[in-house]
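In what follows, a single structure is set out as structure tokens and then discussed.
The values are calculated or read from the model by the stated rules, or taken from the named source; none is laboratory data. Treat the numbers as computed from the prediction; the structure is a model and nothing was measured. No Cβ is skipped: glycine too gets one built from the backbone with ideal geometry, and neighbour counts run over all protein chains shown.
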Amino acid sequence: MLPDTHDWLLFMAASFILLVTPGPAVLYVVTRSLSLGTTAGLVSALGLVAGGLVHVGAAALGLSAILAASDVAYAGVKSAGAAYLIYLGVRQLRGESRGGSAGRMPALTRWRIFRDGVAVNVLNPKPALFFMALLPQFVDPERNAAGQMLILGLSFLTLALITDSAWALAAGRAGRALEHPRFGLLRDRVAGVAYIGLGAAAALTGRAP
């Protein structure tokens, strides 16, 4: 069930390069941290990883092949994810996402932020196709392929949580410099536009290879 050590190390090296390169997930975590504080960024990173567990499990079971084969399924999931990101952006622009001072949010707000992170990742079909394309490259087909893919996927998500948390901490520090009321409205506007931009990009980009 365990992947070959050499293949696992090679996979982790490739994963690290991918994860430290700023992409939609990093932008999402950074925006959350800047607008709501470090705690929100960390909770968002945890939510993204929890959503990633769905994709890893689907890839290991072969369910991601449905998205790869069906244009209708892919378009439906992609549209739902894009709409949700735009919804988050509109809420941010209207000031509905603020939940008190940064780092001291009530438990319900933390849960909502975590839930948003899960939804954003689950409703994005590209991670499913990504795992379906990447994980088999490091799997020995003569052994338990599903088990190896599961371990590789969990390793990727663990590394993702570490790197996204680092981005959240860095952005949270920068966000504290913008806590003055004079900057609050501008911060919300920038964050809202970032969410809407992510949603538009998700809606307009084509199917991953």
Among the residues in region 3-24, are any within 17 Å of Arg115 (Cβ to Cβ) and either at pLDDT below 85 or within 18 Å of the chain's Cα centre (by Cα) (or both)?
no
Filter result (more than 25 Å from Ser44 (Cβ to Cβ), small (Gly, Ala, Ser) and either without any contact (Cβ under 8 Å) to a residue 12 or more places away in the chain or outside any helix (DSSP H, G or I) (or both)) within region 134-169
Ala145
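A quick yes/no check of all residues on (1) modelled with pLDDT of 90 or more; (2) of a type in the set (Lys, Arg):
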{"position": "Val120", "(1), (2)": "no, no"}
{"position": "Lys126", "(1), (2)": "no, yes"}
{"position": "Pro136", "(1), (2)": "no, no"}
{"position": "Glu142", "(1), (2)": "no, no"}
{"position": "Gly147", "(1), (2)": "no, no"}
{"position": "Ala160", "(1), (2)": "yes, no"}
{"position": "Gly172", "(1), (2)": "no, no"}
{"position": "Pro181", "(1), (2)": "no, no"}
When every residue in region 82-105 that is modelled with pLDDT of 50 or more and of a type in the set (A, V, I, L, M, F, W, C) is compared, the one farthest from the chain's Cα centre (by Cα) is Leu93
